[in-house]
Structures are given as structure tokens and as C-alpha cells.
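K.L.:
Below is the structure I would like to discuss, written out as C-alpha cells.
The values are calculated or read from the model by the stated rules, or taken from the named source; none is laboratory data. All values derive from a computational prediction rather than experimental measurement. Cβ sites come from the backbone with ideal geometry, for glycine too, and all protein chains shown count toward neighbours.
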Amino acid sequence: MSDFIQIWPGQASDYAHSVDLLILALTGLIIALSAPVFILIVYFAVKYRRGHKADRQHPMNRNVWLETSWALIPFFLILVFYVWSTGLYFDLHQPPANAMEVQVVAKRWMWKFQHPGGQGEINELHVPVGEPIRLNMISQDVIHSLFLPALRIKQDVLPERYTSLWFSADKPGTYRLACAEFCGTDHSLMGGSLVVQTQADYAAWLEQFATDNTLAAQGAGLFRTLGCSGCHESGSTRRAPSIHGLYGRPVALSDGSTVVADAQYIRDSILLPNAQVTAGYPPIMPTFKDVVDEEGLVRLVAYIQSLGSASPVLPQGVAAGTLAPQNLAPEGTAP
Amino acid sequence: MSETVTGRGGSEEASREETVNETQSERVSYLRAGHTLRSWFFTTDHKRIALLYLISVTFFFFIGGMAAGLMRTDLLTPQGDVLSNEGYNRAFTLHGVIMVWFFLIPSIPNVFGNFLIPLMIGARDLAFPRLNLLSWYIYWIGGLFTLWVLLAGGVDTGWTFYTPLSSMFANGNVVMAAAAVFVVGFSSILTGLNFIVTIHTLRAPGMTWGRLPLFVWSHYATSVILVLATPVLTVTLALIVAERLFGLGIFDPALGGDPLLYQHLFWFYSHPAVYIMVLPAMAVVSELVAAAARKPVFGYWFIVFSSLGIAAVGFLVWAHHMFVSGMSMYVGAVFSFLSLVVAVPSGIKVYNWTATLWKGHISLDPPFLFAMGFIGLFVVGGLTGLILAMLALDVHVHDTYFVVAHFHYIMVGGTVSAFFGALHFWWPKMTGRMFSIGWGRLTALFIFFGFNMTFFPQFILGYLGMPRRYHVYDPQFQVLHVLSSAGSTILGFAYLFPFAYLLYALRYGKPSGDNPWEATGLEWTVPSPPPKHNFDEIPVVTREPYDYEVEKEGGA
């Protein structure tokens, strides 16, 4: 029978269990709040039906205390759930600092995933079990949304802006992955699978699809062929700031403000170089808007990231805020 | 007040033979005041305009319903054998656009609000009768644009017109569809304005604010939202068209715009629009519950202020549609909280209606069955709304069938049930004839069960992870989809029943008399159907609303 009709989705993470527990508990409250209405309507409709003898004497037609209590008591009960659910949501927005980063580019109608080692895949995402994974996502066209039902999570993927999603899957298996935001003709075909593997299987998979270069090394190649190195290599940093140790650091801008050099900042600086000019440098960099595509940008960012920074890479909006509070990321870079 | 001819002739069986052709009241009613097309199309009588709206919204209800039928048929198989991907996208877009703007929003206010507000407050018409007619014409200009879009091949953006899909990528008739919604918005604004002014200025002597029927109060709250929210949508649609036609970078980030700005603007209108759809339904149900129980509404002022509270707080919850959009998590936390607050006044209403039934003389005639159906379905819709307001739960069920089921419980289970409840309750008043009570009861039951069978499985589908707007789906979902489609067939037929017996009643129904349900309210003191100018003499109100006789404790 369970093959014939499924009524509860599989769970692939601790987080999924927490969400299920929350919805079951809340459903319990909902039933408790609504059962009196259903039962009483039917009971009254029978007992006080027209023409049926019953004691209909009653003292009042309003009762402020009664009405206030049935407005407020359910509300306070619900607030308990509000605190619970908001806590989970905040967890979902604060990835651990050591999360493995996978780059995601969405386009109509496919998902492209890039692993740190340079392995790329389409519509399939392989991840190791038990390890926190942070997906750094961007769209090449319209808004998409990466939906992983077995993990109970989804996040919209926006054009021109990175959003992120993190999880730690704890059960090996193959799960569905889908686009949840309507994106045009083949929206319903824009799906695939999330393959959660044991550490050993994942290592074998990485080995099988190993490329000559890691993502960062591919980025280094692009960095040279696009001519970036002409100005940004350490030998020639008089005309442009160095990219060594840049990632995750605060950068002073010519307008006096400070930003943290996260993926979004680096991407924006490549495409819109004059928007945020580093203090002390002339605004002379040309735009690379039509020169480099979204996947190239992912590689360049990976390269600059690999050149390191003293502190670990911080997810936008969260710990980054402690470095540059005035720049809590462009309107909620909800991680 | 009037000499109605009631059921002349002996046995009930024989009454079909000797149908009453025309009663005294009918001869002098608004229906007989002019028989030419001109007397209808240039009428300024609020009652005739209400009937024009009734015919119009019913027409669009069936067009939108056909689109839904196509979708449900297509969803019988996981690969979707009936429509192409593109065809499916166009079907659900038109279904949404037509049902929201050409049925749900105008349905109860423009039909029953129009017909009843002047009658209920003791006025001869709305404050601006010609503006009222104009708003019907504007509605039809928007309607013709929509039909044009339909004939020209449709539009494929979803009713939400999300950018940059709608402004830069979609290949359907986006500009024309946006124009249709743009135009129909003015019809909403004019109606809202007309109601507000009417309720302020044309109340009969003695009709104090505390004596207004709850129907009028709730329409007042609705009108405030119509007037304040609709212009935001109008401007937003104009901006989409500007971006699409002239490449002005407003929402497309590739042009320097912000796609989330669109979502904020759209939901700033569209969330209050949900209350535009449901407040009039609550208006109807408050009347129906009191009439069903033949008892004053429990806690009049709590219900009044809950309507106003919904209208006010309803403006502060829009971003709960955007919890996974990439907004800051702190913004999410604020909007989640406010969304829970707006549930409080709705809860008050439901509990107060239930308390109204306590110790009443409850009738199970069709209008009251619809009202009880409304309460049941609205409770499910409202409480699943609490699930959606919870951040961590919304992250999972957002943009899935769970959301689809939730808003259909509110809009179809709630508003459409109330619409049919109103239609059955006031049909005798509007036409002077009583319909078949048995068929009415049967329809109410079929709609209730058909509805639940259609939409309850969708809650499960949603939690399982079936995204909305999917034409091709994972085979594991098929059983629930087939169940849902089967339910929709029952629902579809149930919606057709009233067509037959209500129209039959026009010709063969028994004259209903002034007050067939023995309800209170000024509209029941005038003949059925009412004369052209409603009241020969403007009444003076001296009694409280819902002044039913009740057994006081101690036999007072």
C-alpha cells in the first residue's frame, strides 16, 4: 500500500526531522483550535434545529471576557511555535564556517553544479554524507528556486545576485531536486537528483570525474587569458589593488564606506567596476559584462577565494556584519 | 407592504401546472421598469447593475473554470497528455488572471454589495449611480482585453507576473494581459469609492454606525482596501510594460533593476487583495449565520472591529510571500510575526459565528448550509495559513501544492461558497421567486464534498514536495492527482446545478413573498423584487440590527 500512495516524504537530514516535528506539533494545535468549531456547529445544528424543542434561554449576547480569551489564548499558544520555527529558519541562514562550497548556476531549464575540485555536473548533485554543504547560487536568466524536498529546504536563485543554501544530509540515497519558482516553458522539467554518498563513494566519484584543474586553477587560467593579471598581479599593483588575501576582508572604498570582499562584491566589481572603487585607485577598469559568463565568474571568484585570506570565508550577512555593519549585504543577501 | 400572491391553488403537485405569471410586486419592480436593451445597458439602478455584474462574473467564472478543467484533466497522467508544456502554462495563467480579477474580486461586492448596500442602509441608490455604471463598463473593457489575450494565444507568466520572466523573457501576450488587469483595477477603485461615500452619506435616519448590518461594515472595510491597494498594482503593471516595451531597467537586474522590488510591490497589493476577496464573504456569512439561527449575532462589535483590523493589518503582511526569495532573515521574522497577528481577527469571527448558533433556531435551508460549509472550509484554509506563516515550514511548502490547496480553501472553499450562499439567500429578493430547496441543499453538499476531495489531497501533495505550476510530475504523485481530478469533476457539476434550478425558478418558482427566510434587515421590508426606487418612503430605523426575538433567561 505504501508503494501505491505515499503520504509522507522521506527525510535525509536532522533538519528535515526537526521540520516534521514542528509541523506535526503545530497540526496538533490546529486540530485543538478548530475541533470545537466543527463539533459545535454540527452539535448545535442538530440540537437547536428549527422546530426541535430545546432549552434556548440564554443570558447574554456578548461576553467581552469570553471573546478576548478566545482571541488571545490561541495567539499566545501560536507564539510558542513562532519562536520555534523562527529559530529553525535562523539556523538555516547561518551555515557553519567549515561548510564545503558547491557553486550552482541555474538557467532555463537546467542546474549546473561545480565542485571545488573542478568537477562539474548537470541536474545531478553529488554530496558526501554528514558534511555541511553550502550552495552558492546564481541564475543566468530569470528567478529559479532550488527545492530539495527530502531536506525540507528551498531557496530562490536570483539573476545577478548570489543566494545560498546550506544543509548536512545524513542518509545516503538519491533524492529529488526541483525548480520551485515558475521559470517559463519547461519549468516542470527543470529537475534532477541529489545523490548523497558515503565519504568513500563520494571520494571515488570525485576521482572518476577528476579534471586536470580545480575550479580555482581554471579561474587562474581565465584570470590570465582575460588580461586581469596585467593590472591585478602583485608585480603591477600600482594601477589596481592586489587580489591576494582579498577574499573575506573589508575593503575601503573611495566614497569612504567599507565593504567585505565576498563573492557578490567580486562579481559586481568584474561586471560593474565603477560602482565600488577601492580607495586610492583611479576608476579605470573596463567592464567584463559581455566577456565572461556566469560560470566563468564562478571560476574567477573561486580563484580569488583560493588566494586566501587570514580569516575563514564568512557567509554574507551573518558574521560579515561584524566586520562591516553598514554593509549587511545588499538587501538581505539571505545566505 | 405588498400584496404578494402566494401559492394559489390547492395541492403542491398541482402548483407546477398553474404557475404564477406575474405578481403584484413584480409588476412594479425594478425588473419591469423598462424592457429595452437600452434600459439595461444605460441603467443607473444599482439593482440592475448588480444583475449585469452577476451575469458578467458568472461568464468569467465559467471561462476560468474551463481552464481549471483542462489543467485537472492534463494532470491525470504524470507526463501530461492533454496539453503541451506551453499550453499548460497558459492555462494556469489565464485561470489565475480570470478567477482573481474577473471573478473573485468583483464577485460579492459588485453583485451583492451593489444590490444590497442601498437596501440595507435605507437608500434609494448608491451615492454615484452613473459612476457605478461606468465601473461596469470599465470591467468589461478589461474583460474584453482578457478575452483577446485568450484568443491571441494566451500568456505564460502565471497570474503573479514575476519579473524578469514577465518583463524580459515570457513570449506570450504579457502587455495585453497586464493592460487588462490595469484597466479592471479602475473598476475596483470606483466601486470602492462609491461604497465608502454611500455608507457615509446615505444612511437612513436612525441607521447609526452601531445599527449597520455586518454585511455593510465588512464591505466598508473591503472598500477601503480596494481604494488604497489597487493603485499600487496599477502602477506596478505599468512599470512592467515600460520595462518590456521600452527596456527601462526597473525590475530586470541585467538592466540595473531589482526583481525583488517587483515582488514587494505586487504583494503589497495582492495580499490585501486576498482580504478583498474574503471580507465580503465574511460579510455574507455574518448575515447568513444570524438568519440561520434567527438570533442576534454574538459580539457585534468584535466582528465589526475584526473586519477593520483585518483591513489594517492586512497591509502589513505582504512579504510573507517572499520568505525564500533572498530577503534578510530578520525581515522574514518580522513578517512571520505580523502574519500570525492577522489571523487573530479571523479567529474571532469564526468563534463568534459558532457562538451565534448556540441556542438558536437553526435552519438547514440551502443558504445556511453554504454558510456552514464556508466556516468549515475557511477554518481549514485559515489554519493552514498559520503553517505557511511559520518561517521554517514555509521554506519547505512554499511554491508547492500546499500553497495551492491553502488559497483555494480560502478563495474557492470560502469565497465561492459564500457567493453561492448569498445567491441562494437573496435570490428570492432579487427575482421574487423561490427556488427548489431540495436541489439547493443537494448542491451545497456536493460543492462541499467535491471541494474537499479536489483540494485536500493537494495539502499532502505539497508536503510531499510537488511544486506548483508543474505540467510534468513525478509518477509517485499520480494517485493523489487522480483523486483531486475526480473531486474536481464533482465540483464542476455541482457548480452547474444552480444554473438549472435558479433559472427554472425565474419562470416556475413560487412567489417568495417579502421575507421568505423571516430575517431582519431593511432589505426584507421591501417587496420582492424591490420597486425601482427601493423605498416609497425612506424608513426611519429605530431597532438594533438582528433584532430577532430571543428567549431571555428568566423568561423576560
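K.L.:
So which of B:Ile250, B:Ile240 ends up being part of a helix (DSSP H, G or I), at pLDDT below 95 and more than 17 Å from the chain's Cα centre (by Cα)?
P.N.:
Result of the check over B:Ile250, B:Ile240: B:Ile240.
K.L.:
Sticking with this one: If we scan the stretch A:183-206, do we find a residue that is touching a Gly at 6+ places or on another chain (Cβ under 6 Å) and among the small types (Gly, Ala, Ser)?
P.N.:
Looking for residues that are touching a Gly at 6+ places or on another chain (Cβ under 6 Å) and among the small types (Gly, Ala, Ser), one finds none in the stretch A:183-206, hence no.
For every residue, the table says whether it meets (1) over 19 Å from B:Ile225 (Cα atoms); (2) at pLDDT 95 or above.
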residue: B:Phe169; (1), (2): yes, no
residue: B:Asn173; (1), (2): yes, no
residue: B:Val183; (1), (2): no, yes
residue: B:Phe186; (1), (2): no, yes
residue: B:Gly192; (1), (2): no, yes
residue: B:Ile196; (1), (2): no, yes
residue: B:His200; (1), (2): no, yes
residue: B:Arg203; (1), (2): yes, yes
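K.L.:
Quick test for you: out of B:Leu147, B:Leu94, B:Leu104, pick the one residue that is out of contact with any helix residue (DSSP H, G or I) (no Cβ under 6 Å at 6 or more places or on another chain) and under 30 Å from B:Leu165 (Cα atoms).
P.N.:
B:Leu147
Residue-wise test of (1) in a helix (DSSP H, G or I); (2) crowded, with 21+ Cβ neighbours inside 10 Å; (3) without any contact (Cβ under 8 Å) to a residue 40 or more places away in the chain; (4) out of contact with any Pro (no Cβ under 9 Å at 6 or more places or on another chain).
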{"position": "B:Ser336", "(1), (2), (3), (4)": "yes, yes, no, yes"}
{"position": "B:Pro345", "(1), (2), (3), (4)": "yes, yes, no, yes"}
{"position": "B:Ala355", "(1), (2), (3), (4)": "yes, yes, no, yes"}
{"position": "B:Lys359", "(1), (2), (3), (4)": "no, no, no, yes"}
{"position": "B:Leu364", "(1), (2), (3), (4)": "no, no, no, yes"}
{"position": "B:Phe368", "(1), (2), (3), (4)": "yes, yes, no, yes"}
{"position": "B:Ala371", "(1), (2), (3), (4)": "yes, yes, no, yes"}
{"position": "B:Met430", "(1), (2), (3), (4)": "yes, yes, no, no"}
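K.L.:
Right, here's the next one. From (1) under 16 Å from B:Ala371 (Cα atoms); (2) over 22 Å from the mean Cα position of the chain (by Cα), pick out the condition that doesn't hold for B:Phe451.
P.N.:
Checking B:Phe451 against (1) under 16 Å from B:Ala371 (Cα atoms); (2) over 22 Å from the mean Cα position of the chain (by Cα), the one that fails is (2).
K.L.:
Considering only residues that are surrounded by 24 or more Cβ atoms within 10 Å (Cβ to Cβ) and either under 12 Å from the mean Cα position of the chain (by Cα) or more than 8 Å from every other protein chain (Cβ to nearest Cβ) (or both), which ones fall in the stretch A:137-150?
P.N.:
Answer for the stretch A:137-150, where residues must be surrounded by 24 or more Cβ atoms within 10 Å (Cβ to Cβ) and either under 12 Å from the mean Cα position of the chain (by Cα) or more than 8 Å from every other protein chain (Cβ to nearest Cβ) (or both): A:Met137, A:Ile138, A:Ser139, A:His144, A:Ser145, A:Leu146, A:Phe147, A:Leu148.
K.L.:
Go through (1) within 14 Å of chain A (Cβ to nearest Cβ); (2) modelled with pLDDT under 95 one by one and return the number of the condition B:His264 breaks.
P.N.:
(2)
K.L.:
Do we find that B:Gly332 is within 10 Å of another protein chain (Cβ to nearest Cβ), over 20 Å from B:Leu279 (Cβ atoms) and not in a helix (DSSP H, G or I) in this structure?
P.N.:
Answer is no for this residue.
K.L.:
Can you tell me which residues in the stretch B:350-393 are among the hydrophobic types (A, V, I, L, M, F, W, C), over 17 Å from the mean Cα position of the chain (by Cα) and within 7 Å of another protein chain (Cβ to nearest Cβ)?
P.N.:
B:Val350, B:Leu357, B:Trp358, B:Ile362, B:Leu364, B:Leu383, B:Leu386, B:Ile387, B:Met390, B:Leu391, B:Ala392, B:Leu393
K.L.:
Still on this structure: Within 14 Å of chain A (Cβ to nearest Cβ) and touching a strand residue (DSSP E or B) at 6+ places or on another chain (Cβ under 8 Å), is that true of B:Glu518?
P.N.:
no
K.L.:
Which count do you get for residues in the stretch B:394-404 that are out of contact with any Gly (no Cβ under 6 Å at 6 or more places or on another chain) and either within 11 Å of chain A (Cβ to nearest Cβ) or within 14 Å of B:Asn452 (Cβ to Cβ) (or both)?
P.N.:
6
K.L.:
I would also like to ask the following. Right, B:Val482: surrounded by fewer than 20 Cβ atoms within 10 Å (Cβ to Cβ) and in a loop (DSSP other than H, G, I, E, B) or not?
P.N.:
no
K.L.:
A further question on this structure: Quickly run through the stretch B:316-329 and pick out the residues that are crowded, with 19+ Cβ neighbours inside 10 Å and either of a type outside the set (Gly, Ala, Ser) or within 10 Å of chain A (Cβ to nearest Cβ) (or both).
P.N.:
If the condition is that a residue be crowded, with 19+ Cβ neighbours inside 10 Å and either of a type outside the set (Gly, Ala, Ser) or within 10 Å of chain A (Cβ to nearest Cβ) (or both), then B:Val317, B:Trp318, B:His320, B:His321, B:Met322, B:Phe323, B:Val324, B:Ser325, B:Gly326, B:Met327, B:Met329 are the ones that fit.
K.L.:
Check off (1) surrounded by fewer than 19 Cβ atoms within 10 Å (Cβ to Cβ); (2) assigned to a helix (DSSP H, G or I) for B:Thr230 and give me the number that stays unchecked.
P.N.:
Unmet for B:Thr230, out of (1) surrounded by fewer than 19 Cβ atoms within 10 Å (Cβ to Cβ); (2) assigned to a helix (DSSP H, G or I): (1).
K.L.:
On the given criteria, is B:Gly438 in a helix (DSSP H, G or I), within 12 Å of another protein chain (Cβ to nearest Cβ) and over 23 Å from B:Ser84 (Cα atoms)?
P.N.:
Against the criterion (in a helix (DSSP H, G or I), within 12 Å of another protein chain (Cβ to nearest Cβ) and over 23 Å from B:Ser84 (Cα atoms)), B:Gly438 does not qualify.
K.L.:
Just wondering, is there one or more residues in the stretch B:454-474 that are without any contact (Cβ under 8 Å) to a residue 12 or more places away in the chain and closer than 30 Å to A:Arg176 by Cα?
P.N.:
Yes: the stretch B:454-474 contains one or more residues that are without any contact (Cβ under 8 Å) to a residue 12 or more places away in the chain and closer than 30 Å to A:Arg176 by Cα.
K.L.:
Would the stretch A:95-106 turn up any residue that is at the interface with chain B (Cβ under 10 Å from one of its Cβ atoms) and either at pLDDT 95 or above or more than 23 Å from B:Met327 (Cα to Cα) (or both)?
P.N.:
no
K.L.:
While we're here: Find the strands (runs of 3 or more DSSP E) located wholly in the stretch A:183-266 whose residues include 2 or more that are outside the structural domain of A:Gly130 (by TED's automatic domain parsing), and list them.
P.N.:
Result: A:250-252, A:258-260.
K.L.:
When you look at A:Tyr89, is it within 8 Å of chain B (Cβ to nearest Cβ), modelled with pLDDT of 95 or more and under 18 Å from A:Thr163 (Cα atoms), yes or no?
P.N.:
yes
Conditions tested, residue by residue: (1) closer than 25 Å to A:Asp293 by Cβ; (2) surrounded by fewer than 21 Cβ atoms within 10 Å (Cβ to Cβ).
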site	(1), (2)
A:Trp84	no, yes
A:Pro95	no, no
A:Ala99	no, yes
A:Arg108	yes, yes
A:Phe113	yes, no
A:Pro116	yes, yes
A:Gly120	yes, yes
A:Pro132	no, yes
A:Leu135	yes, no
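K.L.:
Condition first: buried (at least 22 other Cβ atoms within 10 Å of the Cβ), more than 9 Å from every other protein chain (Cβ to nearest Cβ) and out of contact with any Phe, Trp or Tyr (no Cβ under 6 Å at 6 or more places or on another chain). Now tell me which residues in the stretch B:456-479 satisfy that.
P.N.:
Hit for the stretch B:456-479 is B:Pro457, nothing else.
K.L.:
Looking at the stretch B:99-108, is at least one residue within 30 Å of B:Pro475 (Cα to Cα) and either buried (at least 21 other Cβ atoms within 10 Å of the Cβ) or aliphatic (A, V, I, L, M) (or both)?
P.N.:
Yes - at least one qualifying residue is present in the stretch B:99-108.
K.L.:
Kindly evaluate A:Glu124 against the criterion of being more than 25 Å from A:Gln6 (Cβ to Cβ) and surrounded by fewer than 24 Cβ atoms within 10 Å (Cβ to Cβ).
P.N.:
In short, no.
K.L.:
Need the failing condition index for B:Phe128 against (1) surrounded by 23 or more Cβ atoms within 10 Å (Cβ to Cβ); (2) farther than 15 Å from A:Gly184 by Cβ, just the number.
P.N.:
(1)
K.L.:
While we're looking at this one, here's another question. Testing A:Arg56 on (1) in a helix (DSSP H, G or I); (2) more than 30 Å from A:Glu124 (Cα to Cα), one condition comes back false. Which one is that?
P.N.:
That leaves (1) as the condition not met.
K.L.:
Sticking with this one: Does the stretch B:129-150 contain any residue that is charged (D, E, K, R) and modelled with pLDDT of 95 or more?
P.N.:
yes
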